[in-house]
Amino acid sequence: DVVMTQSPLSLPVTLGQSASISCRSSQSLVNSYGNTHVSWFHQRPGQSPRRLIYKVSNRDSGVPDRFSGSGSGTDFTLKISRVEAEDVGVYYCFQGTHWPQLTFGGGTRVEIK
Amino acid sequence: QVQLVESGGGLVKPEGSLRLSCAASGFSFSDHFMSWIRQAPGKGLELISYIGISPNTKYYADSVKGRFTISTDNAKNSVYLQMDSLRVEDTAVYYCARLTFSSLDYWGQGTLVTVSS
């Protein structure tokens, strides 16, 4: 089973500053076709999760370019540039490479200082 | 546009049963994997089940295996989760989500299941 470990658990940020969230997997997330299926989701309080990023670095439609994903192998990062108030909530990474058990990270809570 | 609407949650006693439904619209339902993800109060996300284009393709997390059953009705564009032998620890918000190219691209609003005596 692939374990996804996020850090930090909590991330206080100042409005307008940048924030980075790390996600490490217990094994490589590159599949036999050379694809890496890592996604990032944002969950605002009281709402369902929304996907931001898929296949490591591809932004979903309507996602501001302040959000960027990067990484390879076992180490992945979500960066938020110029944090805005609407960015608060919990962020989750997710691996879709190793079937059948697809797994989420434990989550990182972003709050405004 | 893609829409997923869950229903069927509620309060149930331990060892009871509940059937969740998720009505899909805005896409070709029969061409996609569908999944159920749950979130216990104050906790993270857990993908507990999914079903493939072929109904023989099903997955269950160990936490629900043998107690929950996923199914689809392509004529109704719906996915279901039959939950039997419910436990207190099954208390959670249950989301259905479309599973596309190894990612979860669309989610419903969720339905709350509370297991309590």
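Just a few scattered comments:
- Selection status of A:VAL38, within 10 Å of another protein chain (Cβ to nearest Cβ), of a type in the set (A, V, I, L, M, F, W, C) and touching a strand residue (DSSP E or B) at 6+ places or on another chain (Cβ under 6 Å): yes
- Out of B:GLY26, B:GLY108, sole residue that is under 21 Å from A:ASP60 (Cα atoms) and in contact with a Cys (Cβ under 7 Å, 6 or more places away or on another chain): B:GLY108
- Residue satisfying condition, being touching a residue at least 60 places away in the same chain (Cβ under 8 Å) and of a type in the set (Val, Ile, Thr), within set B:THR100, B:THR69: B:THR100
- Wholly enclosed strands (runs of 3 or more DSSP E) of region B:1-99 bearing at least 3 residues within 14 Å of chain A (Cβ to nearest Cβ): B:3-7, B:33-39, B:46-51, B:58-60
- Within region A:57-113, the set of residues being basic (Lys, Arg) and either within 11 Å of chain B (Cβ to nearest Cβ) or surrounded by 22 or more Cβ atoms within 10 Å (Cβ to Cβ) (or both) comprises just one member, A:ARG109.
- Apart from one condition, B:MET83 fits all of (1) buried (at least 22 other Cβ atoms within 10 Å of the Cβ); (2) more than 19 Å from B:VAL5 (Cα to Cα); the exception is (2).
- Any hit, region B:62-73, residues being surrounded by fewer than 20 Cβ atoms within 10 Å (Cβ to Cβ), among the aliphatic types (A, V, I, L, M) and more than 15 Å from B:GLY9 (Cα to Cα): no
- Candidates A:HIS37, A:HIS98, filtered to the one that is in contact (Cβ under 8 Å) with a residue 24 or more places away in the chain and within 16 Å of B:ASP105 (Cβ to Cβ): A:HIS37
- Some residue of region A:26-44 being within 24 Å of B:GLN1 (Cα to Cα) and assigned to a loop (DSSP other than H, G, I, E, B): yes
- Output for region A:46-56, where each listed residue is more than 30 Å from B:LYS65 (Cβ to Cβ) and crowded, with 18+ Cβ neighbours inside 10 Å: A:LEU52, A:ILE53, A:VAL56
- Residue in region A:55-69 that is at pLDDT 95 or above, in a loop (DSSP other than H, G, I, E, B), among the polar types (S, T, N, Q) and touching a Gly at 6+ places or on another chain (Cβ under 8 Å) present: yes
- Scanning region A:19-35 for residues that are buried (at least 21 other Cβ atoms within 10 Å of the Cβ) and either closer than 27 Å to A:VAL88 by Cα or basic (Lys, Arg) (or both) yields a count of 3.
- For region B:100-117, filtered to residues that are β-branched (Val, Ile, Thr) and within 27 Å of B:SER54 (Cβ to Cβ), the residue that is farthest from the other protein chains (Cβ to nearest Cβ) is B:THR111.
The values are calculated or read from the model by the stated rules, or taken from the named source; none is laboratory data. Predicted, not measured: the structure shown is a model, and the values here were computed from it. All Cβ positions, glycine included, derive from the backbone under ideal geometry; neighbour counts span all protein chains shown.
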